């Protein structure tokens with residue numbers, strides 16, 4: 001029960017709270033907390049009660065909360081303290097942005113903030129967490145929340161979105177070609193899953209929008225691996241060839257420790273090229289199931305590229321000199337792979353056959369021309385993205401040409 005008495009000339013007496021027969025071990029502290037919340041720091045309330053031992057309970061509670069307490073004839077006088085100065089750490093005191101600003105994101109999230117929700121008040125003594133990616137400029141993009149919302153809205157169920165019972169009958173050689181391409185796709189998608197998953201565990205939860213985008217990218221890639229594998233086995237085939245060169249190319253992605261550089265190599269260059277490949281398969285696949293898979297996967301991969309581009313555009317706007325590091329990463333990767341054979345010859349031949357549809361000279365000529373057009377489309381796409389990132393045209397063309405021959 002609460003009473004508020006007012007004297008003449010608008011001088012207010014302390015708020016009086018009677019907890020009656022309710023002990024602090026039975027919820028009376030909620031009434032006291034509510035009363036304290038109604039007065040400013042330094043303000044006073046008076047508490048009275050009748051349950052045996054309530055004074056000792058109140059003393060212990062006030063010590064734990066950091067509030068001053070004095071007993072008098074009319075009850076227990078509690079003076080409200082600033083909780084941010086004692087037991088609790090306010091968001092601004094831990095180095096975060098103004099908690100009054102909706103969605104505020106600080107430039108540097110401190111270890112003491114741990115796993116707390118952004119803007120929460122953290123109790124002193126909470127354990128510190130060593131998240132390597134704790135600086136905003138290293139990971140942030142302003143449209144991360146929008147990209148996540150788009151990804152959530154665009155999620156698809158393989159069982160419902162793909163007509164696995166669509167009738168088709170392919171020559172054995174063409175079905176073998178599909179199996180080889182699917183094997184290659186799975187290998188690359190394994191890398192595209194592992195890279196964001198690795199950074200996800202290093203990212204401070206303060207940057208929750210980026211965390212959500214990476215998590216849904218991992219889910220996208222897991223779904224792609226599922227459908228590629230399912231298509232591969234539809235006609236009783238087993239996974240085909242995986243080359244040392246292809247594995248070496250993908251390993252360079254996993255070995256890259258910098259978030260922005262890895263995103264540049266994987267999303268902007270690799271997955272951007274992968275979108276062209278998926279569009280090619282959607283147009284020239286010999287069966288409806290493969291076409292459906294390619295269309296859906298391409299839509300997902302385009303979002304991954306959009307996130308990578310948005311992040312790098314933001315970082316390069318603030319750090320133009322970072323372009324040099326990106327260019328060096330492309331050159332270093334090219335040097336590291338100079339002794340490898342690049343794209344699996346069987347994959348290249350399989351793409352020609354898929355685009356041809358049959359083993360005749362005329363059809364193979366058409367298939368070969370279509371794959372050459374694909375290579376040009378991939379190179380032009382890389383060039384366009386590099387130009388958007390602010391590279392000079394001469395540099396952009398050189399870097400686009402240096403991109404791994406394994407596409408990803």
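The values are calculated or read from the model by the stated rules, or taken from the named source; none is laboratory data. Remember, predicted model here, so these are calculated numbers, not experimental data. Positions of Cβ are generated from backbone atoms using ideal geometry, with glycine treated the same way; all protein chains shown enter the neighbour counts.
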*Scanning for something over 28 Å from residue 339 (Cβ atoms) and surrounded by fewer than 21 Cβ atoms within 10 Å (Cβ to Cβ), does region 246-261 turn up at least one residue?*
no
*Which residues, taken from region 338-347, are out of contact with any helix residue (DSSP H, G or I) (no Cβ under 7 Å at 6 or more places or on another chain) and either modelled with pLDDT of 75 or more or not assigned by TED's automatic domain parsing to the domain that holds residue 286 (or both)?*
338, 339, 345
*Give the residue that is nearest to residue 395 (Cα to Cα), with candidates limited to residues of region 344-383 that are touching a residue at least 60 places away in the same chain (Cβ under 8 Å) and surrounded by fewer than 17 Cβ atoms within 10 Å (Cβ to Cβ).*
377
*Within region 225-235, is even one residue farther than 30 Å from residue 169 by Cβ, within 28 Å of the chain's Cα centre (by Cα) and surrounded by fewer than 18 Cβ atoms within 10 Å (Cβ to Cβ)?*
no
*Consider residue 54 carefully, then state whether it is within 30 Å of residue 111 (Cα to Cα) and modelled with pLDDT of 90 or more.*
no
*Please work out if residue 335 is in contact with a helix residue (DSSP H, G or I) (Cβ under 6 Å, 6 or more places away or on another chain) and surrounded by fewer than 17 Cβ atoms within 10 Å (Cβ to Cβ).*
no
_Test of understanding: among 70, 97, 76, 104, which residue is modelled with pLDDT under 90 and either closer than 16 Å to residue 122 by Cα or assigned to a strand (DSSP E or B) (or both)?_
97
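Okay, residues lined up against (1) surrounded by fewer than 18 Cβ atoms within 10 Å (Cβ to Cβ); (2) in the same structural domain as residue 233 (by TED's automatic domain parsing); (3) under 30 Å from residue 351 (Cβ atoms); (4) touching a strand residue (DSSP E or B) at 6+ places or on another chain (Cβ under 6 Å):
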| site | (1), (2), (3), (4) |
| --- | --- |
| 119 | no, no, no, no |
| 122 | no, no, no, yes |
| 126 | yes, no, no, no |
| 142 | yes, yes, no, no |
| 163 | yes, yes, yes, no |
| 172 | yes, yes, yes, no |
| 178 | no, yes, yes, no |
*asked:* Restricting to region 21-61, give me the number of residues that are buried (at least 16 other Cβ atoms within 10 Å of the Cβ) and part of a loop (DSSP other than H, G, I, E, B).
replied: 5
